[in-house]
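Working notes, beginning with the structure itself.
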Amino acid sequence: MSDKNPEYDFTWCPGCGDFGVRRALEFAMEDLNIKTERPMESNVVVAGIGCSGNTVHLLEGEQPYGFHGIHGRSLPVAMGTKMSNPELNVVVVAGDGDFLSIGMEHIGPQAARNLNITAIIMDNGVYGLTKGQASPTTTQDTVTSSTPFGKQESPVNPLDLYLTLGVSFIASGYSVKPRDLAKLMLQGMEHPGFSIIHVASPCTTYNDTFTQLKGSAKLGIQPTAWAIPSDHDTGSKSAARGIIDEGGVPLGVVYEDTSRPSFDAVFDTIRGNNKQKDASDLLAIFDL
Ligand code: SF4
Ligand code: MG
């Protein structure tokens, strides 16, 4: 836990995937600071609710600014932060429960705006903090504390959803390789537009999928995580769809569209093309 926030006593369970995601985020922000020659204070981490949202309190070392907001509303908070100061590197950290349930309605509008922020989604297929209820990504028929007869809904496919909604940078990663994950996060931060890094981050208490992700020759389990081939055309939507349709957890950049201006760039242009009004201009409208 950060020395700068000693009064906050939340901690993750042993082995939780979120530890690896936190480390990757620390690496990525440090790497970005070196490249841009900017201080850690130029980063703002906006957190959703749930175990993953506590990342904002549990970062170690030099501290960015942080905001732990209300359930499902990390994207509107991130939009306000970014648009009030576009120089900031704004990063959302949220889980599948927060981002893909109550928060899902905000993904489409930010994709349409191409809001220049990075969202890191820790997907453990469960609501961990509230004791293991089914989340949007829990697989069908799974028995949880909220689905005693098995979950009846189809699971959301997050990568498919992001691509459909027009998110301009989509990557998929895995919590056990923080260095590899940090590279994806850095790419997302440098992308001029809305980027989402979707991370398989197992919950060791309620939905431990580490063995399935890594596979086990001893148990005859094929790994669900697989590396996206190096010749994948990240600029092609149909190639991205092909990667997603393969199933499992692809590792790498799935899709990237650099052709669209980011929302802050659009506003810069509008400001440049229009004379700034002062109070007398506004009062003149009313012909007082
Ligand atoms: Fe991690 Fe699950 Fe524990 Fe939450 S409940 S800290 S997601 S292992
Ligand atoms: Mg979750």
Number of the exception - LEU100 against (1) over 25 Å from THR164 (Cβ atoms); (2) under 12 Å from the mean Cα position of the chain (by Cα): (1)
Residue match in segment 4-14 (condition: more than 16 Å from ligand 1 (Cβ to nearest atom), closer than 22 Å to ASP180 by Cβ, buried (at least 17 other Cβ atoms within 10 Å of the Cβ) and over 17 Å from the mean Cα position of the chain (by Cα)): no
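Checking the conditions here, which among MET79, MET83 is more than 17 Å from the chain's Cα centre (by Cα), on the phi < 0 side of the Ramachandran plot and in a helix (DSSP H, G or I)?
On the way: MET79 fails: more than 17 Å from the chain's Cα centre (by Cα).
Only one candidate passes the filter, namely MET83.
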Failed condition for ALA182, given (1) within 16 Å of ligand 1 (Cβ to nearest atom); (2) within 20 Å of VAL21 (Cα to Cα); (3) surrounded by 21 or more Cβ atoms within 10 Å (Cβ to Cβ): (1)
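Only helices (runs of 4 or more DSSP H) wholly contained in segment 196-288 count here; list those with 1 or more residues that are over 21 Å from ASP123 (Cβ atoms). I'd like the intermediate steps shown before the answer.
Details: elements: 210-214, 237-245, 263-273, 279-284.
Hits in segment 196-288: 237-245, 263-273, 279-284.
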Any hit, segment 10-19, residues being more than 16 Å from ligand 2 (Cβ to nearest atom), at pLDDT below 95 and under 24 Å from LYS131 (Cα atoms): yes
Count of segment 16-54 residues which are within 16 Å of ligand 1 (Cβ to nearest atom) and over 23 Å from MET104 (Cβ atoms): 6
Any hit, segment 132-147, residues being touching a Gly at 6+ places or on another chain (Cβ under 7 Å), outside any strand (DSSP E or B) and acidic (Asp, Glu): yes
Hits in segment 108-155 - residues which are more than 16 Å from ligand 2 (Cβ to nearest atom), buried (at least 20 other Cβ atoms within 10 Å of the Cβ) and under 18 Å from ILE70 (Cβ atoms): GLN110, ILE117
Residue in segment 163-172 that is part of a strand (DSSP E or B), in contact with a Ser or Thr (Cβ under 9 Å, 6 or more places away or on another chain) and not aromatic (Phe, Trp, Tyr) present: yes
Residue in segment 255-263 that is within 24 Å of THR137 (Cα to Cα) and touching a residue at least 40 places away in the same chain (Cβ under 8 Å) present: yes
Residues of segment 38-75 satisfying the condition of being in a strand (DSSP E or B), away from ligand 2 (no atom under 16 Å from the Cβ) and touching a residue at least 24 places away in the same chain (Cβ under 8 Å): ASN43, VAL44, VAL45, VAL46, TYR65
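The values are calculated or read from the model by the stated rules, or taken from the named source; none is laboratory data. In this text the structure is predicted, and so the values were computed from the model without any measurement. Glycine also receives a Cβ, built like all others from the backbone with ideal geometry; neighbour counts cover every protein chain displayed.
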